[in-house]
Amino acid sequence: MELLTIGAFARVSRLSPKALRLYDELALLRPARVDPDTGYRYYAVGQLGRARLVAWLRRLGMPLAEIRAVCALAPGEAAREIGAYWARVEAETAARRDLAAFLVDQLTGTIDTSGREPMMMLELKHSARTDRGLVRPANQDTLYAGRRLLAVADGFGPAGLAASGAAVAALRYLDEAETLPVDGELGELGVLGALEDAVRAAGAAVAELAGGTGEVGTGEVGTTLTALLWTGSRLALAHIGDSRAYLLRGGELYRITQDHRVTPQELLLSKALGGGMDPVPDLRLQEPREGDRYLLCSDGLTETVPDALIRELLVAGAGPGELVAAALAAGAPDNVTCVVADVAVAAG
């Protein structure tokens, strides 16, 4: 096996020696050999493909944790993950672009609504379904589908249902409040803050379930949580764990959340509410378009039904009942929960 010194490998791969040392520490790109006496790193020529992929993904701005997950996948699945990542980047960029334009107009006093097309009012129409599945003795999933809040939580441990229920209950005030913390375009940032506060409150509620027995602290009880909050013009997303949110747009399916797993192949979570894990959620704004379809689901769906079939069903107009039926037809070893929401022009 031909080996290159770290300096030679850095020149060929266009990664600096400093970057290579960092990627070694993060188990992202391990050297083929490390000299036991000097600690000097050597790399195989066959590692150039992975090194270049890492370099390209870094140029895209992908976080190292996501790069590690992508590199562990087969090429086809890796390509889908990259496409989903870029869809999230474009959605976030569009939201920031609109906010920047609003700020420029407001600060320069150039806001002028004359001659503009009337704003098209959109609404969210949704339906939901949950099922125990064919193996588990009980359903530990909890769903919520209100007038503006959609949420799916997948509990684990002896009090998993209580954990998922507590997490969702902590968010319900966002749906029940008369108004959201929104003040024009600038208020959208306040919605993300309110959603983050609600998720942190959900984490505290789950942590209290152990009642001093230490169950939660030892990682025995916890829950995932994936939620969408409709502001009337945008969707705010909060996510932690390995339940998922998807967007079907123009016939293409994009996963807009990242699984918080130790590795893509393992079911062990790196982030969740409770379980003694990091409770900080992923947060982002989604710019909805007429015809968009959003799916929130627990991993009972995605572990049995491939993304290609999920896309096919959603394109055909299937709702949560058909998605749950597909999981049951595939054996449904876990609880299955789905919420499907369609963005449509508001009536009247």
When ranked by the protection proxy of mean other Cβ atoms within 10 Å per residue, highest first, what sequence do the peptides 169-176, 39-46 form? 169-176, 39-46
Taking 0.36 nm per residue of separation and subtracting the Cα-Cα distance, what length does fully extending residue 44 through residue 147 add? 31.4 nm
On the protein heavy atoms, probe 1.4 angstrom, tell me the percent of accessible surface of segment 217-348 carried by carbon and sulfur. 53
Using the basic label-point model (7 angstrom from Cα toward the beta carbon), what is the residue 89 to residue 30 distance in nanometres? 2.9
What does the charge count near residue 312 come to, summing +1 for each Lys or Arg and -1 for each Asp or Glu among other residues with Cβ under 13 Å from its Cβ? -1
Protection-proxy order for peptides 327-333, 236-242, 316-322, each taking the mean of Cβ atoms within 10 Å per residue, highest first: 236-242, 327-333, 316-322
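The values are calculated or read from the model by the stated rules, or taken from the named source; none is laboratory data. Computed from a predicted structure; not experimentally measured. Here the Cβ is made from the backbone with ideal geometry for all residues, glycine too, and neighbour counts use every protein chain on show. Please note that ligands, DNA and RNA were not included when accessible areas were found on the heavy atoms of the full protein model with its side chains. Shrake-Rupley method; radii C 1.70, N 1.55, O 1.52, S 1.80 Å.
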